[in-house]
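Chemist: Sharing a structure with you now.
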Amino acid sequence: MSPRSLIVVALLALAGCASQVPAPPTPIAVPVSATTWRQVDRELISASQQATEQVKVFARGSMEHWRTRVYQQTEENFIPWFSSYWTQEWLSMKVSWYTISAGGEQDASAKRLATYLLEQYQEKVLAPVAVEIDPDAILGQSTAFYAQLMAQQMPVIAQRHGVPIAQLNGRLQKIPAIALGPPPARDASLYQIVSTEPLNTLPAYAALIDKIHSDGGSKGVASTDTAMAPVARRASQRMEAEMAPRGAASAVAAAAGKLAGALISVGVAGIRAIIQANDRPDSEALIRSSLGNTFDKAWLKLLQNPTTGVMAGTLHMAAQVEGNLGGRDEPSVGLGVNRVEWRPHESTTQQTEPILQGE
């Protein structure tokens, strides 16, 4: 027999051996009693409740860190900027222009100044802190943390009750975790929540975050325009009161000649600097009071509101899971936070009187 024939025979023999390899057996479903499934359901409810409590601790700590950083940035950047002589001079020019172009509108200069100060607060405080941490990031992290904690419990529950993981996954596919549809893409099962990594690639998750934002009216911290209003009103009134004497002094300086006029202008500027320096403590106290009170209210709402706060994603999923398994209808927030009083050069994590729970 030729070598070529031997090769052909060998290949045919190998092909025959390969064709005789049996296909992997199809997994046989293990009978699971109704009693066992009820026990599994109770453990799923317990796992959801425990995960929610752990997420609350995480969210509270993250929000307190964010608040501390906002306080620090306000004290270190915004207040010194606002109180400086040259900023006050620039704001005086803006108030002058606002007053001239007001067209008879009442409090026009104060309103426009408040808008400008709000833009500066966003630029000098909120935006820099957001690079490190902000409520939107905490919302996403908290929601993903709940899903991770639940995923860790699935193999534990399956092993404890002798349920094959494939059969447990089949049951998880029937348990809603996100229910926002139609369309169906806005819904997700508990199986999808615990098996999708990262969670933000799931369309239903994106729909949930969008709904939380739309229900809250805006992303992140609530608008601080109400806090800027008293600050801007006081500054505007003081600057408008300074305009008349400043204009008179400029006219006298012009009439006195270049040399004398320069001396008079320098003297007037020095007087304005003294006035602004004397007014500085009151201005800074007003900023701290207005911003601190308004920010604390917004912070508390972000922390505790069950539909628009940083726990909203977790609470939605927990309510769906536990409600469909016969547990409680809606987990409470109960974060047990403490109010932090905004004071310069003191620790912003100091705890004072407790705040009532809820919103």
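Chemist: With θ set to phi - 60°, apply the Karplus curve 6.51 cos²θ - 1.76 cosθ + 1.60 along region 197-204 and write out the HN-Hα couplings as whole Hz, x wherever there is a Gly or Pro.
Modeler: Whole-Hz 3J(HN,Hα) from phi for region 197-204: 9, x, 5, 6, 8, 8, x, 5.
Chemist: Between their Cα atoms, which of LYS111/LYS211; LYS211/LYS297; LYS94/LYS124 are more than 24 Å away from each other? Could the numbers behind the result be given before it?
Modeler: Numbers: LYS111/LYS211 31 Å; LYS211/LYS297 22 Å; LYS94/LYS124 19 Å.
Violating the 24 Å Cα-Cα cut-off are LYS111/LYS211.
Chemist: Okay, next question. Taking R0 as 41 Å, what FRET efficiency do you get between VAL30 and GLN148 from their Cβ-Cβ distance, rounded to the nearest 0.05? Intermediate results must be reported in sequence, preceding the final value.
Modeler: Details: r = 28 Å, r/R0 = 0.67.
Efficiency, rounded to the nearest 0.05: 0.90.
Chemist: Taking a point 7 angstrom from the Cα of GLN54 along the C-beta vector, which residues in region 152-182 have backbone N less than 20 Å away?
Modeler: 152-161, 169, 172, 177-178
Chemist: Now for a separate question. Hey, rough spin-label estimate for GLU123 and THR307, points 7 angstrom out along Cα→Cβ, what's it come to in nanometres?
Modeler: 3.7 nm
Chemist: Does anything in region 172-203 have its amide N under 20 Å from the 7 Å Cα→Cβ label point of ARG42, and if so which residues?
Modeler: Residues passing the 20 Å test: 172.
Chemist: Give me the Kirkwood hydrodynamic radius of region 75-162 in Å, from all C-alpha pairs, to one decimal place? Mind showing how you got there, number by number?
Modeler: On the way: mean 1/r = 0.0577 Å⁻¹.
So the Kirkwood estimate lands at 17.3 Å.
Chemist: Further question: Explain nothing, just compute: Karplus ³J(HN,Hα) = 6.51 cos²θ - 1.76 cosθ + 1.60, θ = phi - 60°, for every residue of region 109-122 in order, whole Hz, x for Gly and Pro.
Modeler: For region 109-122, the Karplus curve yields 5, 5, 5, 5, 5, 4, 4, 5, 5, 5, 4, 5, 5, 4 Hz.
Chemist: If we sort 160-173, 182-195 on the protection proxy, mean other Cβ atoms within 10 Å, highest first, what's the order?
Modeler: Working: 160-173: 15.2, 182-195: 17.9.
Highest to lowest by the protection proxy: 182-195, 160-173.
Chemist: In whole Hz, with x marking every Gly and Pro, tabulate ³J(HN,Hα) for region 69-80 from phi via Karplus 6.51 cos²θ - 1.76 cosθ + 1.60, θ = phi - 60°.
Modeler: Rounded to whole hertz, the list is 5, 5, 4, 5, 5, 5, 5, 8, 10, 6, 5, x.
Readers should treat all values here as calculations from the given coordinates under stated rules, not as data from a laboratory. Please read these numbers as outputs of a predicted model, since none were measured by experiment. Note that each Cβ is placed from the backbone with ideal geometry, even for glycine, and that neighbours are counted across all protein chains shown.
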